[in-house]
Amino acid sequence: MENYRDQLIDGEMVAGSGPEFTSIDPYSEEPWAVFTEADESDVDRAVQAAARAFDGWRRTPGQERARLMNALADAIERDVDRLAEIETRDNGKIVRENRNQIQFAVRNFRYFAGLADKITGETKPLDSYTTFDFTTREPIGVCVLITAWNSPLQLLSNKLPPALAAGNTAVVKPSEFTTASTLEMARLAIEVGFPPGVINVVTGAGRTGAALVAHPSIDKISFTGGIETAKRIAASAAANIVPCSLELGGKSANIVFADAPFDKAVAGALGGIFAAAGQSCVAGSRLLVQEPIYERVVSAIAERAQQIRLGNPMDEQTQMGPLAHRPHYEKVLGHIADATEDGARLVTGGAPASELGGLFVRPTVFADVDNLSRLAQNEVFGPVLAVMPFTDEDDAIRIANDSRFGLAGGVWSNDITRALSVAREIRSGIMYVNTYRTSAAQAPSGGFKQSGYGRERGTEALADYTVVKNTMVDLTDKVRDPFVLGR
Ligand code: TXE
């Protein structure tokens, strides 16, 4: 069993004071690594260390912050194969995809390193010519960064680099299901010379997370995970008047018009739901297909879904691994049972791939799904596609927007006017046209509605990790009337 009993607090790897816990490899279903839980005293030490480090870090020139961030990016890139294998042991996602996502994390570090010395304010032309006014964007302070298990380092790279670039310090808590790669990154942060306290990592589950978000000395929370946890975190943030960004799930509509590039749309729909075994926040889990090509698309997707190679996620040839952990696997099977009970037509899959052992669920396609049914309204976060027909643009927009979520959406059409006018009407933070599940360090991502608030990536993310200060300067030697508001 691998020993990951340490956490990063104030520049040192130290064991947590709470009980031990293990991570179970979802392919073998054997425990493979052991960790320690941070209790309230560890959380307190980590937050205090981050608070002490803040003044030094915020005054460090952007160029130096960038140098350290780039050094960390280089170290992660050097170790990408090892880190990808570690993530695959933790969450069962195919190693090729984990490698790709960690490279994306490297890109995020470099992108935000490039911005660290370019965070500027504005001058404001006031009505009074003799008052000089300018704004500065200042760091917020101690940022609590809580991540989920589907893409540990990649999710963290949406948070930690903009936080550091802006001059904040951080206390990170990875998911209890996927702790190892974040601890590896912590070791790399020490190796490249980050000052003590700038990055801290505490490990554990909900108890540790709850202690962290309720700590009176934190200044900002950024969370990626599920809605129920998000509500508790937002309540905790509200109690302490701490700003909070939430990146939650979705039930994104992938809309295929009859004039779409057919093969490209089928491949996009397939990747949209079955990549990462559907454990992706932007998964295109509702496939809306225009009536004339509906049956043709359903058959093509079902045929391709049956050909997906399930197996050992470490194998380069595997296309889909097991689900990340047993409670989640049970939950996904529960959603499949709900869909069957609600009368959706099962086209393929719908059952575990028991011959493979582990936590495999066959790529599953339900057709003729009622958009008001449980399958269409709840996030499954697994390889389960809900297909439904639509008549025209208005019908597609109505169905797509009839959801409490609003994270992503796709439109497939060779008519660019149609594609863009439909994309404009969808109430989601991320839209794809003739592509799906594409991401870039420069492009902001985040939700509408119950998919959360705040933005990650892009210059928009920096705005989430800074506060605006306005400064006014009187350029005259005039003595003002002290009892009347000056302009
Ligand atoms: O995540 P949780 P869960 C969706 C998906 C999934 C569902 C639930 O539908 O089935 O959410 O996932 C920490 N205070 N997404 O239950 O609990 C926890 O330790 C502070 C979408 O596995 O939200 C972990 O680090 N923190 C999503 C993190 O919250 C707490 C990705 C996320 O765990 C806490 C994952 C508390 N009280 C799931 N309780 C996406 N947006 O991509 C738990 N945590």
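Using a/c under 1.5 as the rounded threshold, could you call segment 43-145 rounded, prolate or oblate? The axes a ≥ b ≥ c are square roots of the C-alpha gyration tensor eigenvalues, and prolate needs a/b larger than b/c, oblate otherwise.
The shape class here is prolate.
Using alpha carbons only, what's the Rg to Rh ratio of segment 20-73 with Rh from Kirkwood? Could you put the intermediate results ahead of the total?
On the way: Rg = 17.8 Å, Rh = 14.5 Å.
Checking Rg against Rh, the ratio lands at 1.22.
Which three extents, in whole angstrom, do the alpha-carbon atoms of segment 65-111 cover along their principal axes, largest first?
34, 15, 13
I'd like the antiparallel share, as a percent to the nearest 5, of DSSP beta bridges with both residues in the chain. Intermediate results must be reported in sequence, preceding the final value.
Numbers: 30 of 70 bridges.
Percentage antiparallel, nearest 5: 45.
Sort the following peptides by mean Cβ neighbour count (other Cβ atoms within 10 Å, averaged over residues), highest first: 247-256, 3-12, 142-151.
Ranked by mean Cβ neighbours within 10 Å, highest first: 247-256, 142-151, 3-12.
Taking only the alpha carbons of segment 205-309, what extent do you get along each of the three principal axes, in Å, biggest first?
Over segment 205-309, Cα extents along the principal axes are 57, 29, 18 Å.
Pairs LYS331/LYS449; LYS220/LYS251; LYS159/LYS449; LYS118/LYS264: which exceed 32 Å Cα-Cα?
On the way: LYS331/LYS449 24 Å; LYS220/LYS251 27 Å; LYS159/LYS449 21 Å; LYS118/LYS264 39 Å.
Violating the 32 Å Cα-Cα cut-off are LYS118/LYS264.
Limiting things to C-alpha atoms, what are the Rg and the maximum Cα-Cα separation (Dmax) for segment 335-487, in angstroms?
Values for segment 335-487 (Cα only, Rg and Dmax): 24.2, 86 Å.
If one takes the longest principal axis of the Cα atoms in the chain, at what angle in degrees, from 0 to 90 and to the nearest 10, does the Cα axis of helix 180-192 lie?
30 degrees
Give me the mean projected area, in nm² to one decimal, of the convex hull enclosing the Cα positions of the chain.
Values: hull surface 102.3 nm².
In nm², the orientation-averaged hull projection of the chain is 25.6.
What FRET efficiency comes out for ASP474 versus ARG52 if R0 is 30 angstrom and r is the Cβ-Cβ distance? Round to the nearest 0.05. Intermediate results must be reported in sequence, preceding the final value.
Details: r = 36 Å, r/R0 = 1.20.
The calculated FRET efficiency here is 0.25.
Of SER41, SER236, SER285, which is farthest along the charge dipole of the chain in the positive direction, counting Lys and Arg as +1 and Asp and Glu as -1 at C-beta?
Going by the Cα projections, it comes out as SER236.
Starting from the Kirkwood radius over alpha-carbon pairs of segment 169-213, derive D by Stokes-Einstein at 25 °C in a medium of 0.890 mPa s and give it in µm² s⁻¹. The partial results should precede the final answer.
Numbers: Rh = 11.0 Å.
It diffuses with D of about 223 µm²/s by this estimate.
Given points 7 Å out from each Cα along the Cα-Cβ axis, report the SER421 to GLU2 separation in nanometres with one decimal.
My value for the distance between the label points is 5.3 nm.
What is the spread of the Cα atoms of segment 355-440 along each of their three principal axes, largest first, in whole Å?
48, 32, 23
Please give the helix 62-78 orientation as an angle from the longest Cα principal axis of the chain, in degrees from 0 to 90, rounded to the nearest 10.
The answer is roughly 30 degrees.
Dipole of segment 329-487 (Lys/Arg Cβ +1, Asp/Glu Cβ -1, origin at the Cα centre): which of VAL369, LEU462, TRP412 lies farthest to the positive side?
The one lying farthest along the dipole's positive direction is LEU462.
Starting from the Cα of GLU64, step 7 Å along the direction of its Cβ; do the same at GLU303; then give the gap between the two resulting points in nm.
With each label point 7 Å from Cα toward Cβ, the separation is 6.3 nm.
Using the 2.2 N^0.38 Å rule of thumb for compact globular proteins, work out how segment 402-487 stacks up: its C-alpha Rg over that value, please.
Numbers: Rg = 21.9 Å, N = 86, 2.2 N^0.38 = 12.0 Å.
Normalised Rg, Cα atoms only: 1.83.
Could you tell me what a quarter of the Cα convex hull surface of segment 121-216 works out to, in nm² with one decimal place?
On the way: hull surface 34.8 nm².
Averaging across all directions leaves 8.7 nm² for the Cα convex hull.
Using only the Cα atoms of segment 290-371, what do you get for the radius of gyration and for Dmax, in Å?
14.0, 41
Please give the per residue volume of the convex hull enclosing the alpha carbon atoms of segment 260-301, rounded to a whole number of Å³. Mind dumping the intermediate values first?
Numbers: hull volume 2.7 nm³, N = 42.
Cα convex hull per residue, to the nearest whole number: 65 Å³.
Give me THR120, THR179, THR136, THR229 sorted ascending by neighbouring Cβ count inside 10 Å, so fewest comes first.
On the way: THR120 9, THR179 28, THR136 14, THR229 19.
Exposure proxy ranking, most exposed first: THR120, THR136, THR229, THR179.
Rounding to the nearest 20 debye, state how big the charge dipole of segment 411-487 is about its Cα centre with +1 on each Lys and Arg Cβ and -1 on each Asp and Glu Cβ. Could you put the intermediate results ahead of the total?
Details: 11 positive and 8 negative charges, 40 e Å.
Its charge dipole is roughly 200 debye.
Specify whether the C-alpha gyration tensor of segment 1-93 places it in the rounded, prolate or oblate class, a ≥ b ≥ c being the square roots of the eigenvalues: rounded for a/c under 1.5, otherwise prolate if a/b is larger than b/c and oblate if not.
Details: a/c = 3.54, a/b = 1.36, b/c = 2.61.
Because a/c hits 1.5 or more and a/b fails to exceed b/c, segment 1-93 counts as oblate.
Report the label-to-label distance for VAL467 and PHE483 in nanometres (one decimal), using points 7 Å from each Cα along the Cα→Cβ vector.
With each label point 7 Å from Cα toward Cβ, the separation is 3.4 nm.
Taken together, the values in this text are just the output of simple stated rules run on the coordinates, not laboratory data. Every value quoted in this text rests on a predicted model; they were computed, and no experiment measured them. Quick reminder, even Gly has a Cβ in these numbers, built from the backbone with ideal geometry, and neighbours come from all protein chains shown.
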